[in-house]
Amino acid sequence: MLTLSQFKEMVAAAGVDIRAEEKTFSELDAASGGDGDHGTAIVTAFNAMRKADGADFKGYLKALTDALQNEACGSTSTLYGAWLQGMSDAAPEGAAELDAAALAKVFAGGLEEIGFTTKARVGDKTLMDALIPATEALVAAQAEGVAAMFQKGASGAAKGSEATCAMRAKFGRAKNLGERSIGPRDAGSASMACIFNAFAKTVK
């Protein structure tokens, strides 16, 4: 089982690791032809989410979404807001703990919702290159228990993010570079991998 208090610790730990890597994420963004502000954007998002709270998973995830909408802006907050809203929608009413099957449904719901917001998929050099394999690995590992789900999710996110080095960007300003966008790791995928790694460390 994953308790709500554990999940709140996971989100807090992810925020700590994201803030520590802010400069790296912005440098990756600039190297790929982006605005060079992804580090600032993702840190702003996590700072906003620090103020969220809730008595159950559905309420807490909704509060995280609302915090992003009210206090942060830009594509990063829009995408993460969709991800968290999808999780909230998939969370059972009143649940303060989730078993492996419910947890899989929550993360699958998040992926489905963000998929409506962005047309990006694996191979497009975006955060989806980390989120899709992470979610698929997490869901596939539910028979192994919650800790294994996040370990497998973190591994999937890391491998997916690393694979973006060989990709040409197809979204955002980076797509204007064409072949020159090949080489650097995608910043959005790197921050998503950082989040899943923090989740796995905290659960373990």
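Details
- Computed extension gain for GLU97 through THR117, at 0.36 nm per residue and net of the alpha carbon distance, reaches 4.4 nm.
- Of all complete DSSP H helices in the chain, those with a Cα span along the helix axis of 15 Å or greater and a mean Kyte-Doolittle hydropathy of -0.5 or more are 4-20, 38-49, 57-71, 75-90, 100-117, 128-140, 146-163, 187-203.
- Only the Cβ atoms of Lys and Arg (+1) and of Asp and Glu (-1) were treated as charged; on that basis the dipole of the stretch 1-127 about its Cα centre amounts to roughly 80 debye.
- Links that overshoot a 31 Å alpha carbon limit, given the list LYS8/LYS170; LYS62/LYS125; LYS58/LYS152; LYS119/LYS204; LYS8/LYS119; LYS175/LYS201: LYS8/LYS170; LYS119/LYS204; LYS175/LYS201
- ALA143-GLU179 pseudo-label distance in nm [points 7 Å out on the Cα-to-Cβ vector]: 4.6
- Which of ALA31, ALA14, THR76, positive extreme of dipole for the chain (C-beta unit charges): ALA31
- Low-density loop positions, GluC sites (Glu not before Pro), the stretch 86-146 - DSSP coil, at most 15 other Cβ in 10 Å: GLU93
- Eligible aspartates and glutamates near LYS51 by straight Cα distance, threshold 18 Å, same-chain separation 8 or greater: GLU9, ASP17, ASP66, GLU71
- Read-out mean projected area of the Cα convex hull in nm², derived from the coordinates shown; its label in (1) 14.9; (2) 9.4; (3) 16.2: (2)
- Relative contact order of the chain: 25 percent, from C-alpha pairs under 8 Å at least 6 residues apart in sequence.
- Note on ASP53/THR24: beta-carbon distance plugged into 1/(1 + (r/R0)^6) with R0 of 30 Å gives a FRET efficiency of 0.55.
- Inter-site label distance for ASP89 and ALA166 at 7 Å from Cα along Cβ, in nm: 3.5
- Using just its DSSP H runs of length 4 or more, each adding -39500 (n - 2.57), the chain gives a mean residue ellipticity at 222 nm of -22000 deg cm²/dmol after division by all residues.
Only the coordinates and a few stated rules stand behind these numbers; no lab work does. Note that this is a predicted model, so its numbers are computed, not measured. When we count neighbours, we look across all protein chains shown, and the Cβ atoms used for this are built from the backbone with ideal geometry, even at glycine.
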